[in-house]
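Inspection log for the structure reproduced underneath, given as structure tokens.
Just so it is clear, none of the values below were taken in a lab; they were calculated from the coordinates. Being a predicted model, the structure only gives us computed values, none of them experimental. Neighbour counts run over all protein chains shown; Cβ positions are idealised from the backbone, glycine included.
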């Protein structure tokens, strides 16, 4: 087999077959009664209500401390299913490969997809591979669609009440800091690691502990905690008050962001969950989070109050002042003065 | 996270109380800072909430991205569009600065190779990685960023690396501002970063010639409040001096080595500040012996001509403390961070942008 992806790998002939048989199928094996090489799958045992979510992944660098584009492509989608209260079951996988991509690199990414899927309890049931000319894509783009059954009572912004406690399942800004450090070769210590992880198990544990006291969940990915809470504020008209001193940020991440003049609140996470929980269920939820390996650093970081004219997010700073946390505009850029 | 003493709540409360007491019997007065990072941190920690009601702290022309003339952005756009296509490297905020003919970001969208870098060394690395291409570093900023650029220019650099410089020197600009006796500013909070290079004796003209209070301050809440407290005390006692409230970083004479390197590479010239006009002695221009690194000289180009301010924009008034962002008719309506009409809405240090992101709403 050639060492890099060629256009012929996408033409449906023998090279395509080789790629499927030797690289793709072995990495993703483990499905009962499903072959990832098939064009479509019948999900006979998927009970309603079905939760479906779809996402595309184009991250650079493709490999970073704590993960890679493959792991991210599984986690991102299964977490979106989980945040709707759905237990993720199945994944459809689309690959867009750029001519010239080293096959070894593809293999590593696929192995990572397979491992993460097994860890997340999902089967990859169908897939598609396209090859585009050099320059038409950046190495590899991955698209995943996840399917699951909603097993939790309805959760979402419409369930949030004033008085709810705001919980976070662990330290914030790890993913964004790790990517920024790796992408820009800023040369900070390699202790900056992405938190990329599948969250369903953690969510199921909290849901069991909190019951109907669990009102809303969301993974604060792009735009971080700042964006997620602003979305909640917009959708509910309520006021979300954060206590700066209570928000867990790993020391090395805090130092890294401080040097660049960046605020941790808008920095992306890929393995964290924000939860809105009724006050009477808050301590049970927090204990359940802390009892799971992914939730050891979980913390109560604020509360939901009645809104004023419109919903908004307020930060009570470490020094005792209050300011509005706006919806982030764009990726943070280091400051020059 | 470890407790940072410069964000200590008890210290902040103590300073706040001292500020309230010192200012109690003063008529309304205004202080100006001239540093984008001061504005950013004042907003981020909501420090204006702690100020006495009769004290206003406004932002002067302290954002290097904001004050870079539109003509310089236009020139950079021209350089980026040359054939064969060079790599034009600059800071993230700079690419978004809007001028009448667009922005570097728009130029990139139509095919120019504009790269965002975090510092001059990264631009040099681009030159090393692309030996067959010309790499131009569009360099803006005050002496804080000019000093590392100067030291880089004294080192061995790849032949394909050149620089388009638009550096400015803070003390001369403060002098020009203070000389305008209509500005009604009682004192100046001086930028700690720039003073690390230039020192603070260089600001002696503020009390001596203009009777203005002055204090160099760092960037943590305690630093900023201590600087403001010093200014308020100077105003209250009518004894203006240049106080050093950032002694852990700033020495009276600054950093002589950095000054020497700056002087070897740059000469001081009169230079334009966007929306303000030419200020004497505020520009840092490459000396003739470094001309072969000068992108304009290398490619036989001149400065473009471009209007500094788009119609309706008040940035020039905001940067001289004559108008507050909400008093501009474009602010928050036509002019937003997503669609900036003037420089103050562009950079992270821009006054309008900071005010837009951290509005001082009542009852927060």
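With a cut-off of 8 Å between alpha carbons and a minimum separation of six or more residues, what is the relative contact order of the range A:157-324 in percent? Don't skip to the end; give the middle numbers.
Details: 380 pairs, mean separation 71.8, N = 168.
Relative CO of the range A:157-324 lands at 43 percent.
Can you give the Kirkwood hydrodynamic radius for the range B:316-357, in Å, rounded to one decimal and based on Cα pairs?
Working: mean 1/r = 0.1016 Å⁻¹.
Every distinct Cα pair counted, the radius reaches 9.8 Å.
To check you understand DSSP bridge types, tell me what percent of the beta bridges within the protein assembly as shown (both residues inside) are antiparallel, rounded to 5.
So the antiparallel bridges amount to about 55 percent of the total.
Round to the nearest 10 and give me the degree value, 0 to 90, for the angle of helix A:103-120's Cα axis relative to the longest principal axis of chain A.
Tilt of helix A:103-120: around 50 degrees.
Going by C-beta contacts inside 10 Å, put B:99, B:309 in order with the fewest on the left.
Going from least to most buried by this count: B:309, B:99.
From the C-alpha coordinates alone, can you work out the Kirkwood hydrodynamic radius of chain B, in Å? Walk me through the numbers before you get to the answer.
Values: mean 1/r = 0.0472 Å⁻¹.
Across chain B, the inverse of the average 1/r is 21.2 Å.
To the nearest whole number, what is the average tally of beta carbon atoms from other chains within 10 Å of the beta carbons of peptide B:45-54? The partial results should precede the final answer.
On the way: counts 8, 10, 4, 2, 6, 3, 0, 0, 0, 0.
The shielding value for this peptide is 3.
Please tell me the relative contact order of chain B in percent, rounded to the nearest whole number, where contacts are Cα pairs under 8 Å and at least six residues apart. Let's see the in-between values first.
Working: 717 pairs, mean separation 80.8, N = 364.
Relative contact order of chain B: 22 percent.
Output the antiparallel fraction of DSSP beta bridges having both residues in chain A, as a percent to the nearest 5.
Details: 41 of 55 bridges.
The answer is about 75 percent antiparallel.
What's the extension gain from residue A:44 to residue A:22 if we count 0.36 nm per residue and subtract their Cα-Cα distance?
Details: separation 22, 0.36 × 22 = 7.92 nm, distance 2.84 nm.
Extra length available between residue A:44 and residue A:22 comes to 5.1 nm.
Neighbour counts of other C-beta atoms within 10 Å: give me B:56, B:83 arranged from fewest to most.
On the way: B:56 17, B:83 5.
With the fewest neighbours first, B:56, B:83 line up as B:83, B:56.
Relative to the longest principal axis of chain B, what angle (0 to 90°, nearest 10) does the C-alpha long axis of helix B:70-80 take?
Roughly 30 degrees, rounded to the nearest 10.
Among rounded, prolate and oblate, which fits the range A:157-324 when a ≥ b ≥ c are the square roots of the eigenvalues of its C-alpha gyration tensor, a/c under 1.5 means rounded, and a/b larger than b/c means prolate? Each step should come with its number before you reach the end.
Working: a/c = 1.99, a/b = 1.31, b/c = 1.51.
In terms of gyration-tensor shape, oblate.
Just from its helices, what would the mean residue ellipticity at 222 nm be for chain A, if runs of 4 or more DSSP H residues each count -39500 (n - 2.57) and the sum is divided by every residue, rounded to the nearest 500 deg cm²/dmol? Let's see the in-between values first.
Numbers: 9 runs with 96 residues, N = 337.
Helices in chain A give a 222 nm mean residue ellipticity of -8500 deg cm²/dmol.
Would you compute, from DSSP H runs of 4+ residues alone, the mean residue ellipticity of chain B at 222 nm, taking -39500 (n - 2.57) per run and dividing by the full residue count, rounded to the nearest 500?
Working: 16 runs with 137 residues, N = 364.
After summing the helix terms and dividing by residue count, I get -10500 deg cm²/dmol.
Is the C-alpha gyration tensor of chain A telling us rounded, prolate or oblate? Criteria: a/c under 1.5 is rounded; beyond that, a/b larger than b/c is prolate, otherwise oblate. Walk me through the intermediate numbers first.
On the way: a/c = 2.36, a/b = 1.48, b/c = 1.60.
Oblate shape, in that a/c is at least 1.5 and b/c is the bigger or equal ratio.
If each of residue B:268 and residue A:212 carries a label point 7 Å out from its Cα toward its Cβ, how far apart are those two points in nm?
Each label point is offset 7 Å from its Cα along the Cβ direction, giving 7.4 nm.
Compute the Cα gyration tensor for the protein assembly as shown, then decide on rounded, prolate or oblate, letting a ≥ b ≥ c be the square roots of its eigenvalues: rounded whenever a/c is under 1.5, prolate when a/b is larger than b/c in the other cases, and oblate in all that remain.
oblate
How high is the relative contact order of the range B:267-335? Use alpha-carbon pairs under 8 Å, at least six apart in sequence, and give a whole percent.
Working: 66 pairs, mean separation 15.7, N = 69.
It comes to 23 percent, rounded to a whole number.
So, in nm, how far is label residue A:283 from label residue B:205 when the simple model puts each one 7 Å beyond its Cα toward the Cβ?
According to this spin-label approximation, the distance is 6.5 nm.
Quick check for you: which residues of the range B:218-233 have the amide N under 17 Å from the point 7 Å beyond the Cα of residue B:14 toward its beta carbon?
It comes to B:220-230, nothing else.
Of the DSSP beta bridges with both residues in chain B, give the percent that are antiparallel, rounding to the nearest 5.
On the way: 11 of 44 bridges.
Roughly 25 percent of the beta bridges in chain B run antiparallel, per DSSP.
Counting other C-beta atoms within 10 Å, which of A:138, A:55 has the fewest, and how do the rest follow? Provide the component values of the computation, followed by the final result.
On the way: A:138 13, A:55 17.
If I rank by nearby Cβ atoms, fewest first, I get A:138, A:55.
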